Amino acid sequence: MTTIAIVRTRLIAVLQGHQAELRLGVRVTTSAVLTLVVGQWLEVPLVLWAVLTAVIVTQTSVGRSLKATLDYFIGTLGGAIYAGAVAALIPHASELALLGVLALAVAPLVLLASINSSFNVAPFTAIIVVLAPTITHSTPIESAFYRLIEVALGALIGLLVSLTVFPARAQALAIESSARMLELVAQVLPDMFAGFTGALDPASILPLQERVGKSIARLDVIYAECKRERMTQLAYEPDPGPLVRTLLRLRHDLVIVGRAAVVPLPQALQTRLGPPLQHLVAAMADYLRNCAAALLARAAPPTLAAADAAFDAYAAEIAAIRREGLMRALPGDALEHLFTLGFALDQLHQHLRDLGRWAGEWALPAKVAHRKIKG
């Protein structure tokens, strides 16, 4: 393979692995260029602020763009009205007076922004409203008015670009994030359950739990964007809320398993429960991976039959151990440990059922669309 072919292959791989970032780059660039063109055509006094606004509100998803647009406009409106009134009512011809007006305009807005994040941009707006007249030779009221026009123009164009140029729906991002989390949980499960049949360093569990925790935190952020899209009627697919809540419960199950796996099962039970437990973990991991694939493909969820059989086999082995009286010889803390494992497995079994049910909802729109195309 020639050097050029190697470079081309690697470049294609990089581009395919960063499609979302590339789409965002195209959207932001389009917003900036289009806002500049429209701003110059409308002869906006400081088109710079319109372009900056368009870049700021063009986010990774439509839901996030909606929030950025709303927050930016609310902050600008509040800052422009307050700072414009202060600058218009208080004369500030001297440099000392200008410093006083600037401080009076900015300080309350900084306090307001610290209380409500929607007003984060208000202090910056106040600075522009107070100081821009020294550059544009306009009045404070005109400066505030122009600032609102600039922000409205940039916000409108940025939002339109987010809706039309490679639009990234938070719904799709939520599905992708959910699938990644399921794959991560499938990867983590064998490592955690290994502690029941052998030594497991508690320090090795913490990084695994942190990875899953960060994954669910990212999913929570995306879900908040989904709710904004649904409120504005920009999303007509099923509500991802039940799926997100089920993934959160799986996360809680992992916490219980991680705490219990620090102490191995009694040696007398490891030889009996080790094989069925290992088979059960493998079945659960396969089911999670298949659910992740089904979500990404918008296909019907996999059957839980293999995992159900593995759960039944483990329960049958527990029943056999109980009949043989092996549990009576165990100390109290060992019995409590075994019951904790049983409780965690019961929860996992129920939540895997819920996962299949909610994953199935996301396959329905694809089936309906397929039927319409065939018809």
For Ala113, state whether it is of a type in the set (A, V, I, L, M) and either more than 29 Å from the chain's Cα centre (by Cα) or outside any loop (DSSP other than H, G, I, E, B) (or both). yes
Output the residues belonging to the range 117-130 that are without any contact (Cβ under 8 Å) to a residue 60 or more places away in the chain and open to solvent by less than 60 Å² (accessible area, probe 1.4 Å). Ser118, Phe119, Val121, Ala122, Pro123, Thr125, Ala126, Val129, Val130
Pick from the range 18-34 the residues that are of a type in the set (Ser, Thr, Tyr) and open to solvent by less than 60 Å² (accessible area, probe 1.4 Å): which of them is farthest from Ala152 (Cα to Cα)? Thr30
In the range 314-352, anything among the hydrophobic types (A, V, I, L, M, F, W, C), crowded, with 16+ Cβ neighbours inside 10 Å and assigned to a helix (DSSP H, G or I) is listed as Ala315, Ile318, Ile321, Met327, Ala334, Leu338, Leu341, Ala344, Leu345, Leu348, Leu352
Output the number of residues of the range 238-295 satisfying the condition of being of a type in the set (A, V, I, L, M) and in a loop (DSSP other than H, G, I, E, B). 4
Does Leu355 fit the bill of being within 30 Å of Pro240 (Cα to Cα), in contact (Cβ under 8 Å) with a residue 60 or more places away in the chain and open to solvent by less than 60 Å² (accessible area, probe 1.4 Å)? yes
For the range 101-116, which residues satisfy the criterion of being within 22 Å of Thr139 (Cβ to Cβ) and open to solvent by 40 Å² or more (accessible area, probe 1.4 Å)? Leu102, Ala103, Leu104, Pro108
Enumeration of residues in the range 83-98 that are out of contact with any helix residue (DSSP H, G or I) (no Cβ under 6 Å at 6 or more places or on another chain) and either within 12 Å of Ile127 (Cβ to Cβ) or open to solvent by less than 40 Å² (accessible area, probe 1.4 Å) (or both): Ala97, Leu98
Is it the case that some residue within the range 35-43 is open to solvent by less than 70 Å² (accessible area, probe 1.4 Å), out of contact with any Asp or Glu (no Cβ under 9 Å at 6 or more places or on another chain) and assigned to a loop (DSSP other than H, G, I, E, B)? no
Of all residues being in a helix (DSSP H, G or I) and among the aliphatic types (A, V, I, L, M) in the range 188-205, which is surrounded by the most Cβ atoms within 10 Å (Cβ to Cβ)? Just the residue, please. Met192
Every residue from the range 131-178 that is crowded, with 24+ Cβ neighbours inside 10 Å and of a type in the set (Asp, Glu): Glu150
Of Val57, Val37, Val7, Val14, which residue is among the aliphatic types (A, V, I, L, M), more than 19 Å from Glu229 (Cα to Cα) and at pLDDT 85 or above? Val37
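The values are calculated or read from the model by the stated rules, or taken from the named source; none is laboratory data. Everything quoted here is computed from the prediction, not taken from an experiment. No Cβ is skipped: glycine too gets one built from the backbone with ideal geometry, and neighbour counts run over all protein chains shown. Only protein heavy atoms, including side chains, enter the accessible area calculation; ligands, DNA and RNA are left aside. Shrake-Rupley method; radii C 1.70, N 1.55, O 1.52, S 1.80 Å.
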